[in-house]
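The structure under discussion appears below in the form of structure tokens.
The values are calculated or read from the model by the stated rules, or taken from the named source; none is laboratory data. Computed from a prediction, not measured in an experiment: that's the story for all the values here. No Cβ is skipped: glycine too gets one built from the backbone with ideal geometry, and neighbour counts run over all protein chains shown.
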């Protein structure tokens with residue numbers, strides 16, 4: 001039964017002419033599918049409807065061909081031919097009584113138009129602002145352009161209604177939407193009636209909303225997503241000016257959708273942003289408007305959610321990443337199963353799907369974006385096959401996810417862990433600075449497994465091939481992880497680098513085991529994800545004099561895709577870490593290293609007492625290799641299959657490991673697909689002639 005403390009989260013709430021069945025509001029979020037994978041994206045949203053969300057939105061939908069953000073793969077509503085795929089999505093959204101919303105976006109100075117080759121339009125003539133600094137500028141819109149854009153919004157709204165949507169979100173946040181570009185003095189430097197005063201800068205959004213209301217009447221609700229604070233100084237659209245704007249236009253939309261300034265601010269990872277981090281920016285705004293407010297903040301705790309509603313700060317709990325980690329979050333709260341929620345860990349691996357133009361992943365929910373492609377449901381497993389039991393060797397993220405999925409299929413599962421605690425790399429990494437939330441990957445699975453009678457976990461149980469052959473398990477899953485290399489093999493060095501006798505070399509494993517170097521420490525990062533930056537921060541906190549050397553032009557380069565690179569660099573500078581970019585390491589000696597410029601090869605000496613090597617990892621595959629060497633004995637020992645998964649097979653981020661564990665569990669005892677494609681995809685229709 002539902003805890004009465006959370007009853008308020010299930011009160012219906014009006015949004016203009018519509019009524020949402022509860023306060024759970026899936027705000028627009030990307031998924032890497034967009035126009036390329038419409039059925040995959042539609043099924044993903046449909047699963048959230050089943051999970052109990054009251055309002056569900058698409059991701060950003062480009063509403064006109066004169067503003068698009070290629071290479072990023074978003075939805076498109078450029079012509080009537082786009083309506084059928086969007087209708088499929090809206091129908092999925094509404095299957096369980098949710099309201100279906102579409103976010104209409106005109107990107108303005110964020111739209112380089114690399115695909116359409118149209119000249120970008122913006123309130124003022126400025127260089128295009130993109131993640132890749134495209135050498136393109138936007139032309140300032142004249143009065144006819146503004147009239148055209150108003151007409152295009154009306155056309156898009158009518159198409160949205162034909163596509164079956166209930167709500168329209170007009171995008172003016174994160175620096176990405178034309179409405180923010182008009183509102184902000186940083187991007188609106190006009191001297192006519194659309195520029196200057198706040199009243200003038202608000203003219204365009206007032207006109208568009210009035211135009212759309214005239215076109216669709218009371219058949220749809222209109223929401224406006226605006227930035228709480230651009231956080232770019234006096235020229236920007238500040239929190240104070242936002243409040244003036246809302247007070248001046250208190251009844252403008254049917255709902256105010258409030259999000260922090262840049263995407264990096266709004267969707268900051270747990271390493272830098274706590275739950276409800278935007279609360280102070282939202283508090284008190286409700287006094288300025290009678291319309292409902294939705295806000296975000298990586299909400300994972302129903303207590304925090306209820307407090308936000310009860311205090312009058314928010315009317316709807318906006319979630320993107322938490323709705324990905326657990327699409328059934330509302331239903332679990334409603335059914336009194338709070339302990340079953342897969343809490344978002346704030347790693348932002350989901351965002352990397354959009355940033356890398358690929359299908360998104362989730363560390364906590366490996367079924368995300370596989371609901372249609374592979375038929376994976378986040379709460380239901382396929383039936384058990386014709387074998388009965390599985391031995392999983394290793395209890396890291398791959399092994400734990402495999403165990404959790406297998407036991408739900410009905411297999412008897414034994415997990416053998418060589419250490420005295422389960423969790424593998426997650427348990428160790430969660431103790432590093434800023435990564436404590438990552439421990440939820442273990443916490444969730446450990447609790448769930450403890451509730452299952454068909455799972456046994458054996459700690460301090462290192463196994464060899466001989467003992468496994470004697471056990472009599474039908475299926476063996478090797479999930480023994482990987483170990484960081486000390487020889488520098490990664491991207492710069494494909495063979496071990498020269499290391500002189502007497503050099504003190506440490507790996508991330510050494511530091512996580514408690515062996516920390518002191519004095520002058522060179523940290524060489526040729527991994528480029530989070531580990532190098534996290535360890536540099538750890539050592540600096542411990543008093544070491546740290547110099548981080550990386551061949552990349554950025555510290556923790558790949559974290560540009562998780563929106564945290566912009567926070568990592570200043571964090572390290574504040575910690576006293578010296579950052580050396582675009583340089584590798586060619587030789588390591590007892591008291592110094594030699595570094596080379598990646599462009600010129602010019603050498604430079606850096607004195608040091610120790611070197612921390614953040615390079616690549618070596619698979620712990622010896623047990624698997626030993627079992628494969630004795631494959632002739634499997635049948636006599638009752639073994640039907642031996643597989644290796646996760647980091648033991650090929651090291652990667654934690655999300656790759658949980659996906660590997662889930663896939664192993666889903667496919668056990670399944671048909672051999674041979675060379676067939678293991679997932680469904682959609683093919684672009686060929687035009688006639």
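Counting only residues that are surrounded by fewer than 19 Cβ atoms within 10 Å (Cβ to Cβ) and touching a residue at least 24 places away in the same chain (Cβ under 8 Å), segment 195-213 holds 6 of them.
Set side by side, the residues 117, 81 differ, and just one is surrounded by fewer than 21 Cβ atoms within 10 Å (Cβ to Cβ), part of a helix (DSSP H, G or I) and without any contact (Cβ under 8 Å) to a residue 40 or more places away in the chain, which is 81.
Note on segment 498-522: residues that are surrounded by fewer than 22 Cβ atoms within 10 Å (Cβ to Cβ), touching a strand residue (DSSP E or B) at 6+ places or on another chain (Cβ under 9 Å) and assigned to a loop (DSSP other than H, G, I, E, B) amount to 9. The helices (runs of 4 or more DSSP H) located wholly in segment 314-369 that include 1 or more residues which are farther than 16 Å from residue 564 by Cβ, assigned by TED's automatic domain parsing to the domain that holds residue 260 and within 11 Å of the chain's Cα centre (by Cα) occupy 321-325. Pairing each residue of segment 314-336 that is at positive phi with any residue that is assigned to a loop (DSSP other than H, G, I, E, B), provided the two are 6+ apart or on different chains, yields C-beta distances under 8 Å for 336/1; 336/2; 336/3.
Which residue out of 309, 324 is modelled with pLDDT of 95 or more and surrounded by fewer than 21 Cβ atoms within 10 Å (Cβ to Cβ)?
Result: 309 is the single residue among 309, 324 that is modelled with pLDDT of 95 or more and surrounded by fewer than 21 Cβ atoms within 10 Å (Cβ to Cβ).
Each row is one residue, and each column tells you yes or no for (1) touching a residue at least 40 places away in the same chain (Cβ under 8 Å); (2) crowded, with 16+ Cβ neighbours inside 10 Å; (3) part of a loop (DSSP other than H, G, I, E, B); (4) under 28 Å from the mean Cα position of the chain (by Cα).
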site: 422; (1), (2), (3), (4): no, yes, yes, yes
site: 433; (1), (2), (3), (4): yes, yes, yes, yes
site: 463; (1), (2), (3), (4): yes, yes, yes, no
site: 467; (1), (2), (3), (4): no, no, no, no
site: 473; (1), (2), (3), (4): yes, yes, yes, no
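The residues in segment 129-170 that are at pLDDT 95 or above and within 30 Å of residue 88 (Cβ to Cβ) can be counted, and the count is 23. When 58, 19 are checked against the criterion of being surrounded by fewer than 23 Cβ atoms within 10 Å (Cβ to Cβ), outside any helix (DSSP H, G or I), at pLDDT 95 or above and in contact with a strand residue (DSSP E or B) (Cβ under 8 Å, 6 or more places away or on another chain), 19 stands alone in meeting it.
Do we have any residue at all in segment 147-170 that's in contact with a strand residue (DSSP E or B) (Cβ under 7 Å, 6 or more places away or on another chain), in the same structural domain as residue 283 (by TED's automatic domain parsing) and more than 25 Å from residue 78 (Cα to Cα)? Within segment 147-170, not a single residue is in contact with a strand residue (DSSP E or B) (Cβ under 7 Å, 6 or more places away or on another chain), in the same structural domain as residue 283 (by TED's automatic domain parsing) and more than 25 Å from residue 78 (Cα to Cα). The set of residues in segment 634-669 being closer than 14 Å to residue 480 by Cβ and assigned to a loop (DSSP other than H, G, I, E, B) consists of 645, 649, 650, 651. So, in segment 379-391, how many residues would count as being surrounded by 24 or more Cβ atoms within 10 Å (Cβ to Cβ) and under 13 Å from residue 662 (Cα atoms)? Total meeting the criteria: 0.
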